[in-house]
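Only one structure is covered here, and it is reproduced in the block below.
The values are calculated or read from the model by the stated rules, or taken from the named source; none is laboratory data. Not measured: the values here are computed from a predicted model. Virtual Cβ from ideal backbone geometry, glycine too; neighbours counted across all protein chains shown.
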Amino acid sequence: MKAAAILWLRQLKRYSRSRARMVGALGQPILFLISLGFGLGPTFARAGAGDYLQFLAPGVIVMGILFTAVFSGIEVIWDRQFGFLKETLVAPVSRLEIVLGRTLGAATVALIQGVVVFFICLLAGFRVTAAPLLPLALIFMFLIALVFTAIGTAIGSVLQDMQGFPLIMNFIVLPLFFFSNALYPLRGLPGPLAAAVRFNPLTYGLDGVRSAFGRASQFGVTTDLAVLGGLAAVVLALGSYLFSRIEL
């Protein structure tokens, strides 16, 4: 597992050196937080649903994790095109260790982005009502990062063209985000939309994060952990298999 640890550290070094990437990844969550949190907040309050910012903030935090995690798959294509991946693949270590190191490193980067967005939300007025459960929130955030980093790695292992990656991701990332409970509660949704939200794995991650912040859970923490943990195992296995089939 030494090779996996080295690749994990390599991903963190990439992140620390790319300040433009760090700032750019924060732009979209902050935009949603300001435009929707303060723009729709009065309407949400008049409907008797309380402070919309308190509901929206966990969704914005998870957005920061989701986009950073999935788009880490671009690095696989980038490294393949410029020859860096070949240097890694010819090393005397298993490809399973390589993909584990890359995935864990990118998931850690996505978790850091989520923590940064969390502090920004606190500055905007978000309040945590169950501070002792913050470690549980970090567990859910890391599981979300792990699942969607593995998905990004799987797709990046299949694609040859870097230009095609954002197009495909827009058909995965945006529907996953908008058809979750990030922007609106589950209560009162039309039947087909409610079904789509319930079948979305991101919904369970968000539910777990919200419950860890002190909000009521829709499905229960045990169910949320089971869904995310099971999905993480499946997509890690799939990502490892597809990555192992990359030809030099």
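For residues that are surrounded by fewer than 22 Cβ atoms within 10 Å (Cβ to Cβ) and aliphatic (A, V, I, L, M), scanning just segment 211-227, find the one that is nearest to residue 139 (Cα to Cα). For segment 211-227, the residue satisfying everything is 225. For segment 31-69, taking the residues that are touching a Gly at 6+ places or on another chain (Cβ under 6 Å) and over 18 Å from residue 115 (Cβ atoms), the one that is modelled with the highest pLDDT is identified as 53.
Per the conditions (1) at pLDDT below 80; (2) in contact with a Phe, Trp or Tyr (Cβ under 8 Å, 6 or more places away or on another chain); (3) of a type in the set (A, V, I, L, M, F, W, C); (4) part of a helix (DSSP H, G or I), the sole criterion not satisfied by residue 85 is (2). Those helices (runs of 4 or more DSSP H) of segment 146-248 in which at least 1 residues are in contact (Cβ under 8 Å) with a residue 60 or more places away in the chain and aliphatic (A, V, I, L, M), considering only elements entirely within it, cover 164-170, 173-178, 201-212, 221-244.
What about residue 208, is it of a type outside the set (Val, Ile, Thr), within 16 Å of residue 66 (Cα to Cα), at pLDDT below 85 and surrounded by 14 or more Cβ atoms within 10 Å (Cβ to Cβ)? The answer is no for residue 208. Being surrounded by fewer than 24 Cβ atoms within 10 Å (Cβ to Cβ) and over 12 Å from the mean Cα position of the chain (by Cα): is that true of residue 142 here? No.
Taken over segment 99-134, the criterion of being out of contact with any helix residue (DSSP H, G or I) (no Cβ under 8 Å at 6 or more places or on another chain), farther than 14 Å from residue 29 by Cβ and not in a loop (DSSP other than H, G, I, E, B) is satisfied by 131, 132.
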